[in-house]
Ligand SMILES: C[S@@+](CC[C@H](N)C(=O)[O-])C[C@H]1O[C@@H](n2cnc3c(N)ncnc32)[C@H](O)[C@@H]1O
C-alpha cells in the first residue's frame, strides 16, 4: 500500500494516515536502521520513523496541538532525562546531522543503552550526570538553542529553571514535560500544573501549555521562551 506522507506544521515532522490512525513521523537520519522497535516507512527514496505518543511526551504534545515545539535543523540541545533515548532519537532526526544533543541521565542502566544509540546517531553525546548539579554539567555543556527536560522528580521545576538560566541562549526555547505526581501525589494534577505555571511565568515567557491525556496520564508540557 502506498502511503501519502505529508509535512506536519511542526518543522521537520511529518504525518500519514494508516487505517483510522494518524501517525507522526520523522525522517530517519540513519536510513535502514531502527533505533528502537519503531516501524520504518519508505517513501520516494526517503525513510521515515513512526513516533509513538504513548512513549514520548514530545510526540504527545504535538498530537495534542502544540503549534511550535521550538526545535530547528542545526540546533544545539540540552536534553535532561534522556533515559534510553527514545524521544532523544526523534529529536536527533529533527535537528539533523548539523545539530547536536547533550543527552543527560542520572541512571547508569539507561546510560548503557543510550551509549549504543550514540554509536549510531553521531549527533548525540551521552552524559551520565545529575541534572541538578549544574556546576558539573558546566564543564561539559555549551550554550544551547533548546533545553528539553523530562526528569519526573520532585525538584523538576527548580532543575529546569537552573539549567535554563545557565545554558539557554537568549531567545531560545525551553520545554518542560511535567509529571504532577512526582511533585506532590496528594494534590490534583491540575492544581500542580497551575502552581508550576505561576512559578515559570516569573522567569520565562510561556508560549504553549498542553495537558497530555490520553497519551500520558497526569502530565503536561510547558513550552517557554527565554525573556
Ligand atoms: C520519564 S524518564 C525520561 C524518558 C525520556 N525523556 C523519553 O521520552 O524517552 C525520566 C528519566 O529522568 C532521569 N532522571 C531523574 N532524575 C534525574 C536527574 N536529577 N538528573 C538526570 N536525570 C534524571 C531518570 O533516570 C529517567 O531516565
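The values are calculated or read from the model by the stated rules, or taken from the named source; none is laboratory data. In this text, all values refer to a predicted model and were calculated from it rather than measured experimentally. Here Cβ is always computed from backbone atoms with ideal geometry, including for glycine, and neighbour counts include all displayed protein chains.
Each row is one residue, and each column tells you yes or no for (1) over 24 Å from residue 225 (Cα atoms); (2) in contact with a strand residue (DSSP E or B) (Cβ under 6 Å, 6 or more places away or on another chain).
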site	(1), (2)
20	yes, no
38	yes, yes
76	no, yes
113	yes, no
119	yes, no
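Given the conditions (1) out of contact with any strand residue (DSSP E or B) (no Cβ under 6 Å at 6 or more places or on another chain); (2) more than 9 Å from the ligand (Cβ to nearest atom); (3) assigned to a loop (DSSP other than H, G, I, E, B), and given that residue 84 satisfies all but one, which numbered condition is not satisfied?
Single failed check for residue 84: (2).
Give me the pairs: first residue in the range 129-147 and in the same structural domain as residue 77 (by TED's automatic domain parsing) and without any contact (Cβ under 8 Å) to a residue 12 or more places away in the chain, second residue within 13 Å of the ligand (Cβ to nearest atom) and part of a loop (DSSP other than H, G, I, E, B), beta-carbon distance under 7 Å, and six or more apart or on different chains, which are they?
136/129
Conditions (1) at positive phi; (2) assigned to a loop (DSSP other than H, G, I, E, B); (3) more than 15 Å from the chain's Cα centre (by Cα); (4) away from the ligand (no atom under 16 Å from the Cβ), marked per residue:
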residue: 42; (1), (2), (3), (4): no, no, yes, yes
residue: 49; (1), (2), (3), (4): no, no, yes, no
residue: 55; (1), (2), (3), (4): no, yes, no, no
residue: 60; (1), (2), (3), (4): no, no, no, no
residue: 68; (1), (2), (3), (4): no, yes, no, yes
residue: 71; (1), (2), (3), (4): no, yes, no, no
residue: 74; (1), (2), (3), (4): yes, yes, yes, yes
residue: 79; (1), (2), (3), (4): no, no, no, no
residue: 88; (1), (2), (3), (4): no, no, no, no
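Which residue is surrounded by the fewest Cβ atoms within 10 Å (Cβ to Cβ), if the candidates are limited to the range 119-147 and must be more than 18 Å from residue 166 (Cβ to Cβ) and within 14 Å of the ligand (Cβ to nearest atom)?
Selected residue: 128.
Can you say whether residue 99 is away from the ligand (no atom under 16 Å from the Cβ), under 20 Å from residue 173 (Cβ atoms) and free of Cβ contacts under 8 Å to residues at least 60 places away in the same chain, as far as the supplied structure shows?
Working: away from the ligand (no atom under 16 Å from the Cβ): yes; under 20 Å from residue 173 (Cβ atoms): yes; free of Cβ contacts under 8 Å to residues at least 60 places away in the same chain: yes.
It is true that residue 99 is away from the ligand (no atom under 16 Å from the Cβ), under 20 Å from residue 173 (Cβ atoms) and free of Cβ contacts under 8 Å to residues at least 60 places away in the same chain.
Quick grid of which residues meet (1) at pLDDT below 95; (2) in contact with a strand residue (DSSP E or B) (Cβ under 6 Å, 6 or more places away or on another chain):
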{"residue": "1", "(1), (2)": "yes, no"}
{"residue": "4", "(1), (2)": "yes, no"}
{"residue": "8", "(1), (2)": "no, yes"}
{"residue": "16", "(1), (2)": "no, yes"}
{"residue": "24", "(1), (2)": "no, yes"}
{"residue": "32", "(1), (2)": "yes, no"}
{"residue": "53", "(1), (2)": "no, no"}
{"residue": "57", "(1), (2)": "no, yes"}
{"residue": "60", "(1), (2)": "no, no"}
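I'm trying to understand the selection: among the residues of the range 100-111, which are crowded, with 23+ Cβ neighbours inside 10 Å and either within 13 Å of the chain's Cα centre (by Cα) or over 20 Å from residue 129 (Cα atoms) (or both)?
101, 103, 104
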